[in-house]
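Novice: My structure is below; once you've seen it, I'll send some questions.
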């Protein structure tokens, strides 16, 4: 079984992405990882090339700055990396620059890929998500955070990155049929120095909106305000080993009282139903889960 990873990144140092940990976290499961490295304002390319030159292949790209709607440029960059994967790969393992896989889940991931490799009904594998916020001690605890997403897809030319690169679809525009990987993605996109987070917020909104919208909705400040969040829960588990150095180097403080929840009555009802039944009312699913 051949497994190739793929990812994309630009300005990883400027925006303080844990991209080194992200790529290292899937290296043990991949024969090669293709990374589309966009033209950057920092030394992102050198950073990526220093990780493991024997298994990481860089393709140099230039982002289309005119794609300022719905984050479409992110899907475009993802597709560049996906299309560069060798045709002999069975599976393509996608990881974004702020996502990390835990080594405790390697066995489950490998078994899932082996189990479904020859079953052409299965077009992807679904991962559970932990969305960290503010620090490495808290995870999102409301329905604003998506619970699951596809991160391994069959190496099929008809499969493509969808909308803002959160998930995938199959041509012409069909949701993928997937099985659960019974593994987790640790999402650290909302955990970084507040100054770097503010820079990212101001710049990345340009990938979704025009200047007029940004002027009305994005507050310009020196550092990001992490306090404006509805509900968090304390994380009680362990982080991936590849994240330990980064966690030890954290240079800011964020404290939150998990009992303080700013939730609407509708949100409380939805969460209550989810706790009792496992079903989340109104949940968006960009996939079809096979039984």
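The values are calculated or read from the model by the stated rules, or taken from the named source; none is laboratory data. Please read all numbers here as calculations on a predicted model, not as lab measurements. A quick note on method: Cβ atoms are made from the backbone with ideal geometry, for glycine too, and the neighbour counts reach across all protein chains shown.
Novice: Is it true that some residue in region 51-59 is surrounded by fewer than 21 Cβ atoms within 10 Å (Cβ to Cβ), under 24 Å from residue 240 (Cβ atoms) and without any contact (Cβ under 8 Å) to a residue 12 or more places away in the chain?
Specialist: Scanning region 51-59, I find at least one residue that is surrounded by fewer than 21 Cβ atoms within 10 Å (Cβ to Cβ), under 24 Å from residue 240 (Cβ atoms) and without any contact (Cβ under 8 Å) to a residue 12 or more places away in the chain, so the answer is yes.
Novice: Any chance you could count how many residues in region 45-71 are within 29 Å of residue 202 (Cβ to Cβ), modelled with pLDDT of 95 or more and out of contact with any helix residue (DSSP H, G or I) (no Cβ under 8 Å at 6 or more places or on another chain)?
Specialist: Going through region 45-71 one residue at a time, the tally reaches 5.
Novice: Do we find a residue being assigned to a loop (DSSP other than H, G, I, E, B) and touching a residue at least 40 places away in the same chain (Cβ under 8 Å) anywhere in region 266-276?
Specialist: no
Novice: Condition check: over 16 Å from the mean Cα position of the chain (by Cα), modelled with pLDDT of 95 or more, in a strand (DSSP E or B) and crowded, with 23+ Cβ neighbours inside 10 Å. Does residue 150 satisfy that?
Specialist: no
Novice: Continuing with this model, one more query. Please verify whether region 125-137 includes one or more residues that are more than 17 Å from the chain's Cα centre (by Cα) and crowded, with 21+ Cβ neighbours inside 10 Å.
Specialist: There is no residue in region 125-137 that is more than 17 Å from the chain's Cα centre (by Cα) and crowded, with 21+ Cβ neighbours inside 10 Å.
Novice: Among the residues of region 81-90, are any under 16 Å from the mean Cα position of the chain (by Cα), at pLDDT 95 or above and assigned by TED's automatic domain parsing to the domain that holds residue 167?
Specialist: yes
Novice: Is it the case that residue 122 is in contact with a strand residue (DSSP E or B) (Cβ under 6 Å, 6 or more places away or on another chain) and part of a strand (DSSP E or B)?
Specialist: Here the answer is no, as residue 122 does not meet what is asked.
Novice: What number of residues within region 241-265 satisfy the criterion of being more than 30 Å from residue 16 (Cβ to Cβ) and assigned to a helix (DSSP H, G or I)?
Specialist: Number of matching residues: 1.
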